[in-house]
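The values are calculated or read from the model by the stated rules, or taken from the named source; none is laboratory data. For clarity, every value in this text was computed on a predicted model and none was experimentally measured. For neighbour counting, all protein chains shown are included, and Cβ atoms are generated from backbone atoms with ideal geometry for every residue, glycine included.
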Amino acid sequence: MSSLETFMTTATAAGRPRHFEAILWGGLLAGIFDATYAMGMWALRGVSPDRVWQGVASGLLGPRSFQGGLRTAALGITIHFFIALTAAAVYVTASRFLPVLRERAVLCGCVFGLMVWAFMRFVVIPLSLMRPSKAPFFRPELIGALAIHAFGVGLPIALCARRLLGRG
């Protein structure tokens, strides 16, 4: 039995609420999968990881984030995981009131991941100081972005909610 399974089993046996763990594990997994995808995709274009995270920080700081070195890269990583944990908190909280989110975790998680992508693309980024790409909307990267959000963001969050809170 892995240490994660031991931890989860021990916490369940103790009978304490599992909502915090569901948010933490779901958010961390989603953040790691999405970060790995983003750094890999940008690396194929010759962009270093620190520039990727400075780009995330530019949503808060604007173009000056690219002069901030590792400090603004660290801020970008922090923002990224804050968003992932917030998405997990939304899903886990909603799943307490809508058991179908845990009963049908695979379908609902994938749909939720696509909703996270849409919210980021059409609400968060336009309201930020980030300079979005001027490229056409339907680029080849769109398929990858949708896939990582469905399977790498929404799905792990939903599966953690189901595993730690029960099926419904």
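Structural remarks
- Unique match (being of a type in the set (Lys, Arg), surrounded by 14 or more Cβ atoms within 10 Å (Cβ to Cβ) and touching a helix residue (DSSP H, G or I) at 6+ places or on another chain (Cβ under 7 Å)) among Arg102, Arg121, Arg167: Arg102
- Of all residues in segment 32-50, those that are assigned to a helix (DSSP H, G or I) have Cβ atoms under 8 Å from Cβ atoms of residues that are among the acidic types (Asp, Glu) and surrounded by fewer than 16 Cβ atoms within 10 Å (Cβ to Cβ), 6 or more apart or on another chain, in Met41/Glu141.
- Checklist (1) modelled with pLDDT under 95; (2) closer than 21 Å to Ala118 by Cβ; (3) surrounded by fewer than 15 Cβ atoms within 10 Å (Cβ to Cβ) applied to Leu44, failing item: (2)
- Residue match in segment 131-142 (condition: in contact (Cβ under 8 Å) with a residue 24 or more places away in the chain and among the hydrophobic types (A, V, I, L, M, F, W, C)): no
- Conditions (1) in contact (Cβ under 8 Å) with a residue 24 or more places away in the chain; (2) more than 14 Å from the chain's Cα centre (by Cα); number of the one not met by Arg104: (1)
- For segment 109-168, the set of residues classified as more than 12 Å from the chain's Cα centre (by Cα), within 20 Å of Gly59 (Cβ to Cβ) and of a type in the set (Val, Ile, Thr) consists of Val123, Val124, Ile125, listed by residue number.
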